[in-house]
1. Which helices of chain A meet both criteria: a Cα extent of 20 Å or more along the helical axis and a mean Kyte-Doolittle score no lower than 1.0, with helices taken as whole DSSP H segments?
2. Given bins 10 angstrom wide, list per bin the percent of all Cα-Cα distances in segment C:3-220, short to long.
3. Taking all pairs of different Cα atoms in chain A, averaging 1/r and flipping that mean, what Kirkwood radius in angstroms comes out?
4. Show me A:198-208, C:167-177 ranked by packing, highest mean number of other Cβ atoms within 10 Å first.
5. Hey, what's the Cα Rg ratio for segment A:99-159 versus the globular rule of thumb, 2.2 N^0.38 Å?
6. Treat every Asp and Glu Cβ in the protein assembly as shown as -1 and every Lys and Arg Cβ as +1, leave all other atoms uncharged, and give the resulting dipole magnitude about the Cα centre to the nearest 20 debye.
7. Please give the average number of partner chain Cβ atoms lying within 10 Å of the Cβ of each residue in C:64-71, rounded to a whole number.
8. Beyond 24 Å, how much of the Cα-Cα pair distribution for segment C:113-224 remains, as a whole percent?
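Here, each number is a calculation from the coordinates, and none is a lab measurement. As the structure is a prediction and not an experimental result, all values here were calculated from the model. Cβ placement follows ideal geometry from the backbone for every residue including glycine, while neighbour counts extend to all protein chains displayed.
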Amino acid sequence: MSGRGVRLGLGLVAGALMLVALYMVFVYVPTEADQGIVQRIFYFHVPCAWVAFVSFALVAIAGIFYLWLGQQVWDDLGYAAAETGMVFCTLVLVTGSIWAKPIWGAWWTWDSRLTTTLILWLLYGGYLMLRAMAGDSEQGARFGAVVGIVAAIDVPIVIVSVRLWRTIHPAVLVTRQGGHGLEDPRMVATLLVSLAAFTALFIWLLCLRFVTLRMHTRLNALTRSLALAEAAAQDT
Amino acid sequence: MTAALIETRVLGKSFGPTPILRDVNLSVEAGHGAAVVGANGAGKSTLIRLLAGLSAPSLGAAMLFGEPARSLRPELRRRVGLLSHQSFLYPNLTARENLEFYATLYGVDDARATAIEWLERVALGAVADSRVHGFSRGMEQRLALARAMLVRPDVLMLDEPFAALDADGAALATELVRDAMDRGCAVLASAHSASALAELGFAILTLSRGRLVRAEPSTTRSAARPPLARQQVS
Amino acid sequence: MSPFSAVLRKDLLLEVRGGQSTVALGALSLLVLVVLVFAFNPGGGEQGAEAAAGALWVALVFSGMLGATRAVSAENENGCMRALLMSPLDRAALYAAKLAAAFIFMGIAEAASIILMVLFFNLEFDARVMRLVPAVLLGALGFAALATLLAAISSRLRGGDLVLPLLAVPMFVPALIAGVKASAAALAGAPLAGSAVWLKVLVAFDVMFVAAGYLLFEYVAGEE
């Protein structure tokens, strides 16, 4: 099974799941009582958040392996995860903002989950800025790994402290018992499908980015060998 | 057969695509010295940095005491000295405080006494309690020399050691290096020209565009000594 | 004397000798507080206490960034950092020494900030101010731990002085939240026990970041 075949397959799977999810979000699931049509954005907002946090963990894990084993492939994975995760993290903030305006009348609310996501976004941004500044070097990879690890251990404390700081994330939906508020089983199904679709999309984009970085690494190695060969030829 | 204290094997270093060092093979045994000469940009400083463990090789190995220089154990790092055009001195500390600090860092037994002894040795006893930022360049270099030598290194690396020394300083440096080599220290020095170092009995290695292109064995070490620094030139 | 003590003693000696770090940190804190007073024009009472607590922590963050940068770049002159890296000094011990120095400088600056805060925000020098101290010390330690590690990175990059605030601020948020809450409570007259949860957050933060710095510093301390 060739790499290209795998990527194509992943793309098709992601595409198919996304189509199903879109259908379910816009056609299948019933409109929620309190918030109206806008509430449907929830089915995009939550999966993006899930992906953003998972990707962040991936950056840290890749960082640990890079520092431990010293193999460039781990750094390529971490960097790809950071870039891809950043996209989804931005989407969380954007969808959150779009959702907030009609419901709570403001473009931004400092509720605990959005705040935590904002911090995550800033950490991602810092990581990417650091990598851009350090350039294509072993030092950049090392610094990135360290920052990724430190940021990841920071996130749990951020979650706890922000939650203590703010009272409750405004209840997702009107509920009788105060659970996560999804009464209708169709809503649960839609959320799960959307989650699967976004996860597949994330994996596909991550693979694309990862492969590009691997090619870049190989290109660098080849350029170096070429330079060495040229220098050797000039010696004679 | 004495194991080489300083050794490189097929050592290469590239910054990005640009090769700075290529296929460098050298070894220096205890009591011997090698001088690496070449024009600016030939790669001398990079070679020293790789052997000092400050930078990692792109290819091959840079070794001290038979171990990779980059990950040298603390017990071995204690036995390595570096003299560079940077003085490694704190301008706002006195000469004595600088030496005492490094002596303590290197676990020298009586830091106080050692500092005083070396200050005398480099003729800076009179200014022991003056701050370094008031020193002339020559005085600073002599103090830097004391700093490098007081730990009694078994491996000594000199990065253009005579560049800033005046005549007295150069004579002092030559004497100290000779004493160290008599003690069994292995020395690797980089310089623009070989004259002063040839006098010390160093083997001369010429580095050009990152490769060792010529090697002249030492001529002045006495017959009692075992074979000299070996080097391969491809 | 252990190498750690030698490095710390050297840093403190250099500071006493005319390093200007503590003065610079104190001055920066003063300026930050002045700006905030004009920005927020606080009244007295509850609102004043909250504003004062917030201002104190803003000053802590800004002076902390300066302090850590200085503690690390003090070794740049004459290539001393290289000499330290080549010496038998354990990298983690080097981190601990730099952290301790940064913490001490910050502590002195914080003491000055607290005094200025009382003056500028029309508070009293009483037990309430004393109850601030644990949170401030914990916060300073956490920030010093974080910033010393990040400063080692930013000092090695061209144009890297943006990296330190960019990363330090979001990472510090949990301690900032906890610290401001605990400080505001203290200034409002609440007993320390009431802020227990915030102090626990600060302690957890400190433990994690000191440990992380201790373990990871060797990976940022080398050269290219």
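1. Numbers: long enough: A:3-23 (30 Å, 1.45); A:42-69 (40 Å, 1.87); A:72-104 (47 Å, 0.73); A:112-134 (33 Å, 0.97); A:138-165 (40 Å, 1.33); A:185-235 (75 Å, 0.94).
Span-like helices here: A:3-23, A:42-69, A:138-165.
2. 9, 34, 34, 17, 5, 0
3. One decimal place: 19.9 Å for the Kirkwood radius.
4. Those peptides, ordered most packed to least, come out C:167-177, A:198-208.
5. On the way: Rg = 15.4 Å, N = 61, 2.2 N^0.38 = 10.5 Å.
Cα Rg divided by the expected 2.2 N^0.38 Å: 1.47.
6. For this selection, approximately 1140 debye.
7. 0
8. Above the 24 Å cut-off, segment C:113-224 has 36 percent of its Cα pairs.
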